[in-house]
1. Taking B:Arg90 as meeting all but one of (1) under 28 Å from B:Ala164 (Cβ atoms); (2) within 14 Å of another protein chain (Cβ to nearest Cβ), write down the number of the exception.
2. Could you pull out every one of the helices (runs of 4 or more DSSP H) wholly within the range A:151-248 that has 1 or more residues that are without any contact (Cβ under 8 Å) to a residue 40 or more places away in the chain and among the hydroxyl-bearing types (Ser, Thr, Tyr)?
3. So B:Pro103 clears everything in (1) buried (at least 19 other Cβ atoms within 10 Å of the Cβ); (2) more than 28 Å from B:Ser39 (Cα to Cα); (3) away from chain A (no Cβ under 14 Å) except one condition, right? Which one?
4. Anything in the range B:206-226 that is modelled with pLDDT of 90 or more, assigned to a helix (DSSP H, G or I) and either charged (D, E, K, R) or surrounded by 13 or more Cβ atoms within 10 Å (Cβ to Cβ) (or both)? List them, or say none.
5. Tell me, please, whether a residue that is at pLDDT 85 or above and of a type outside the set (Asp, Glu) can be found in the range A:255-274.
6. Restricted to the range B:8-31, and to residues that are within 14 Å of the chain's Cα centre (by Cα) and of a type in the set (Gly, Ala, Ser), which residue is farthest from B:Val213 (Cα to Cα)?
7. Report yes if some residue within the range B:42-63 is farther than 30 Å from B:Gln124 by Cβ, in a helix (DSSP H, G or I), in contact with an Asp or Glu (Cβ under 9 Å, 6 or more places away or on another chain) and away from chain A (no Cβ under 14 Å); otherwise report no.
Amino acid sequence: MAQRTVAVIAATALAALTLGPVAAVLVRAEGLAALGPGDWQALRFTVCQALLSALFACILAVPVARALARRRFAGRGFLIALLGAPFILPVIVAVMGLLAVFGQNGLLNGALSALGLPRLDIYGLHGVVLAHVFFNLPLATRILLQGWLAIPAERLRLAASLGLTPRARFMVLEAPLILRLLPGAFAVIFVICLTSFAVALTLGGGPRATTVELAIYQAVRFDFDLGRAAALALMQLALGLGAGLVAWRLAQGAGFGAGLDRALPLTVAHGRACDTAWLVAAAGFLLLPLGLVVWRGLPGLAQLGPQTWAAAGHSVLLALASTALCLSWTLALAGARGALWSLMAIAISPLVLGTGLFLMLRPFVNPFSMALPVTALVNALMALPFALRIVAPEVEAIRADYGRLRATLRLTPMAWLRLVLLPRLRRPLGFAGGLVAALAMGDLGVIALFADPERATLPLQVYRLMGAYRMEAAAGAALLLLVLSFGLFWAFDRGGRAGAAA
Amino acid sequence: MLRLEGVTIDMGGATLAADWAVQPGRRVAVLGPSGAGKSTLLDAIAGFRPLERGRILWDGQDLTGLPPERRPVSILFQDGNLFPHLTLARNLGLALRPDGRRPDAAGIARIAAALARVGLEGMQDRRPGTLSGGQQSRAALARVLLQERPILLLDEPFAALGPALKAEMLELVRDVAAQLGALVLMVTHDAGDARRFAEAVVLVADGIAAPPVETERLFADPPPALRAYLGEGGH
């Protein structure tokens, strides 16, 4: 059938575009001999920062999730929604915000020096870990919170009627839950942090704080040593595949957080002050940097030059192209073993793909002239697992509900797509499209590998302004990026909701 | 003629056997306890469920290997007979244009006439969600009119309606079927429905879909399986 053909074509294209670059890397990498001691140091640093980031994110998530699960207060819904924000927050914007709080001239150092205490330096291992915790603490919290809210109310009532002490209650109800969910959350965050590029680019750097992804970038951009870049990509690939497999097995029960507001569990009398403190700290940790991005960015908006506006235009076009590509793939592949593609995308990092595509394109064109199409493609690939995860179950449900009616009406595949599938998928497609667009808008990965001065995207432009110490202009551009990312998400999500008839 | 030749259908462990024929244009009730395989039988005729053995023929043409969309069959399910996000005109239009394009002027007139025929005059622009359950059933029947297929299968589409409304719908099905000259097979677990509506009854029980028997004759002298289903003393 025609639909099958489309799925096969889409799957083949996907396989070619992921495995092709990987093959190019494998061919070009002449073993691991090309690697110097600095590269092995990068491997150690990558693993070490990922372990620390996952550890802190998970440990801190426990009290925050517990407080969110057992307290009811005004703004709780907002706080839970806020936990979803880092997912679509451009890394470079978060870094600007974190610098405003923890940086050289940030709030914290201002307070410390006012008290006569020594200043903190954010750059290096602790800065990288701090940024990763900023991004992944919300993720871990959402995973745990979901588990917490799934504790049956009967069991909570039973615990209350037995008069369990807080300690007994923890041992009976909460500890098993944490033990079940936390390893998965830890593994997922560990894998995410392994492929960290933008954070390491901005807050790490130097021989002692370089990730493998960053080393790939440096090998291509600074040394133009493609053999070493390929060997590093091979290293990253092995790392990602190994950790990805482990995470996939551990994270079966973890999910990534939908439907967070179910039945009200019983609230608990004790520990109120403690919960409040954790919630205030977590909200502050998330909101303060974002608030400062807005605050410091406003004056900078006046300084946005033509280059920044051009970069913004590139980024919006690129985000739209990525979204169109990713959603087409999603529709074609929904139902065809989505989990397998997700696994593939977890293992293959953007810079590995980028390096492979670079190697493939080089014999034919100047890779730098292909910066924007390649970035759009890689972003579409990277967002595909998320889009599939949102859309595929809905497609299954529509097939189950209307597949027989479709057959008895003898609908053609086009009529089914146009009149049934697309209209009924508006909501999930809008939501998925919003996520993809925001992710592509904020991405600072492959573009750094390929870009020349004429073809910057907005995140890259922010990075360049920071590098040139034009901090006010950088702050303005970061605010613009924040507005565009969230705006794209909002517009797509909104478009999916509006007029979506029952 | 619809002929089931040595048919055996797998029902996940149990099987259902049928070996009989029925003339075109008749109204047949498929009666039996729940779980006996009434819907399974309809699914097999409609092509949603493969046969384990045997053949299904219509006017000498072998339907057995055909997919549902190639069979001369229209079917009304228990629910989900209309796409909820499309207007009635669009829903009915799909019967005329399965490629989803808009019908021509003649098609539009036919849709209006079909809606009027089932008592939904002028409701072209309504969506199913704004209609009552009875009106939704009527709209689905209007589409059956437009589909113009010689076999109409009803898989308890009126189960959720009250008794008066259901009787009304059965009356309408009778008219629609008469207009099309279609053979109707209607699943029901209600002997009253069967007596009111059907000229013949296929009794489904104990793994067998029995050959159709004239309704009058069947209820005048119920076989043991029917007596067991109705309860001793009968109705």
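The values are calculated or read from the model by the stated rules, or taken from the named source; none is laboratory data. Keep in mind that this is a model prediction, so the values were computed, not measured. Note: ideal-geometry Cβ built from the backbone for every residue, glycine included; neighbour counts use all protein chains shown.
1. Checking B:Arg90 against (1) under 28 Å from B:Ala164 (Cβ atoms); (2) within 14 Å of another protein chain (Cβ to nearest Cβ), the one that fails is (1).
2. On the way: elements: A:153-162, A:166-169, A:175-194, A:198-203, A:212-221.
Fully inside the range A:151-248 and qualifying: A:153-162.
3. With respect to (1) buried (at least 19 other Cβ atoms within 10 Å of the Cβ); (2) more than 28 Å from B:Ser39 (Cα to Cα); (3) away from chain A (no Cβ under 14 Å), B:Pro103 is out only on (3).
4. Those that are modelled with pLDDT of 90 or more, assigned to a helix (DSSP H, G or I) and either charged (D, E, K, R) or surrounded by 13 or more Cβ atoms within 10 Å (Cβ to Cβ) (or both): B:Thr215, B:Glu216, B:Arg217, B:Leu218, B:Phe219.
5. The initial filter retains those residues of the range A:255-274 that are at pLDDT 85 or above, namely A:273-274.
This time we only want the ones that are of a type outside the set (Asp, Glu), so: A:273-274.
There is at least one residue in the range A:255-274 that is at pLDDT 85 or above and of a type outside the set (Asp, Glu).
6. Only one residue fits best here, namely B:Gly25.
7. no
Quick grid of which residues meet (1) free of Cβ contacts under 8 Å to residues at least 60 places away in the same chain; (2) away from chain B (no Cβ under 14 Å); (3) crowded, with 20+ Cβ neighbours inside 10 Å:
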site	(1), (2), (3)
A:Arg399	no, no, no
A:Pro413	no, no, no
A:Val420	yes, no, yes
A:Leu435	no, yes, yes
A:Met441	no, yes, yes
A:Leu444	no, yes, yes
A:Ala448	no, yes, yes
A:Leu460	no, yes, yes
